Amino acid sequence: MTAQAGVDVPVVRPRGRATRWLGGDGAFRVVVTACSAVVLVTIVAMVIFLLVQGFDAMRHYGFFSFLTTARWAPSEATATSASPNPYGILQFIYGTLITSLIAMILAVPVAVSVALYITNFAPLRLRRGLSSLVDLLAAVPSVVYGFWGIFALLPALKPIGGFLASTLGKVPVIGVAFSGPYFGYSYFAAGVVLAIMVLPIIAAVCREIFATTAGSWKEAATALGATRWEVAMVAVYRPSRTGILGASILGLGRALGETIAVTMVIGNFVLSINKSILGQGATMSSVIANEFTEAVEPFHLQALFVVGFWLLVVALVVNIIARRIVAAQAAL
């Protein structure tokens, strides 16, 4: 204790490194550090496991040879080192990215609009019910989405697919992406199913972001004579753009890894890249789900582990790029 003007003032000494790990704060620090370590260890263990399981195929054909071709023909695989790699996965990477892109283009505007309506335009007595209905979509199992997609969505999309093929499919350059014929099972159908599946995730996050927007901003915009629409755009949407991007990243992560629903409606064409979104194809997760139970050809099962490894890589790269975009947007 030291005396200053007759008052005893306690001297606060900085705690040492060992002292910081004692007591309640130290225990909490240990718990959260251990939880963070578990996440990192789990991811690293998954990567190592996939590499170990696919090592024989990568050693036989080459680590990057899977990325140099879009030819998937397990029946032509041989155990001789002179054979070319029949397990090219470019078509699966293309299918994964194109279906996720379709899903995000369709889902993000709808999800943001739903969140804006619930938080700013819907009557108070309807907001809780609407929020529950949107959240209910996230509770539907993916196999139910796939089953519904086969018997309800595909017939409903046939007129739309036919219209796109007969109009945009004949436009130079972009017509390649919409060329027909359209039979239902396609990248387009898989993208629509994915859009419905990721919509509640994006909408729920955006709803919470919009609900926490500073009320003073809304009041200021209203005082300046802004309409309800202008208040929503200026005082709610614009300050929340970084959060919307973050919500979209969560939805994108779900879209990249979805398996069963996509497998049921995409057509599972694995021989080459089908450039048209109206054509059949496959994703990295769908080919694993389809073929792992009957992988008897040489290096077939090991090649599926390689597909799983590159799926993790693609998801990681896409998420890094998306987070960089979010960081750049937040810095503006």
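Any read-out appearing in this document is the output of simple, stated calculations on the displayed coordinates, not a laboratory observation. Everything quoted here is computed from the prediction, not taken from an experiment. Quick reminder, even Gly has a Cβ in these numbers, built from the backbone with ideal geometry, and neighbours come from all protein chains shown.
Within the stretch 258-284, list the residues whose amide N lies under 16 Å from a label point set 7 Å along Cα→Cβ of L101.
Output list for this probe position: 273-284.
Is the chain rounded, prolate or oblate when judged by the Cα gyration tensor, a ≥ b ≥ c being the square roots of its eigenvalues, rounded requiring a/c under 1.5 and prolate requiring a/b larger than b/c?
It is oblate, given that a/c is not under 1.5 and a/b is not larger than b/c.
Beta carbons within 10 angstrom, averaged per residue: use that to sort the peptides 186-194, 43-51, highest first.
Averaged packing, sorted descending, gives the order 186-194, 43-51.
For T69 and I321, what does the FRET efficiency come to when R0 = 22 Å and r is the distance between their Cβ atoms, rounded to the nearest 0.05?
0.35
Under a Cβ-only charge scheme (Lys and Arg +1, Asp and Glu -1), can you give me the dipole magnitude of the chain about the Cα centre, in debye to the nearest 20?
In debye, rounded to 20, the chain gives about 980.
Taking K and R as +1 and D and E as -1, what net charge do the other residues with C-beta under 15 Å from the C-beta of W217 add up to?
With Lys, Arg at +1 and Asp, Glu at -1, the net is +2.
The stretch 159-220 to the stretch 68-137: how many Å between their Cα centroids?
Their Cα centres are 10 Å away from one another.
Could you please rank D25, D56, placing first whichever residue has the fewest other Cβ atoms within 10 Å of its Cβ?
Ranking D25, D56 by Cβ neighbours within 10 Å, fewest first, gives D25, D56.
What's the exposure ranking of R125, R207, going from fewest to most Cβ atoms within 10 Å?
R125, R207
Among 171-182, 241-252, how do they line up by average Cβ neighbours within 10 Å per residue, starting with the highest?
Those peptides, ordered most packed to least, come out 241-252, 171-182.
Quick check: net charge around A189, other residues with Cβ under 14 Å of its Cβ, Lys/Arg +1 and Asp/Glu -1?
0
Please give the net charge around G243, taking every other residue with its beta carbon less than 14 angstrom from that of G243, where Lys and Arg add +1 and Asp and Glu add -1.
After counting each charged neighbour, the total is +3.
Each residue of the stretch 125-130 in turn: what ³J(HN,Hα) in whole Hz from Karplus with 6.51, -1.76, 1.60 and θ = phi - 60°, glycine and Pro shown as x?
Ordered by residue, 3J(HN,Hα) equals 6, 9, 5, 5, x, 5 Hz.
Please give the residues of the stretch 88-115, grouped as numeric ranges, whose backbone N is less than 15 Å from a label point set 7 Å along the Cα-to-Cβ vector of V140.
Label zone hits: 107, 111.
Within a 10 angstrom radius of the beta carbon, how do L224, L278, L130 rank from fewest other beta carbons to most?
Lowest count first: L224, L130, L278.
What is the distance, in nm, between label points placed 7 Å from the Cα along the Cα-to-Cβ direction at F28 and at L126?
4.3
Could you pull out every one of the lysines with an alpha carbon less than 16 Å from that of K275, ignoring same-chain neighbours closer than 8 positions?
Partners found: K170.
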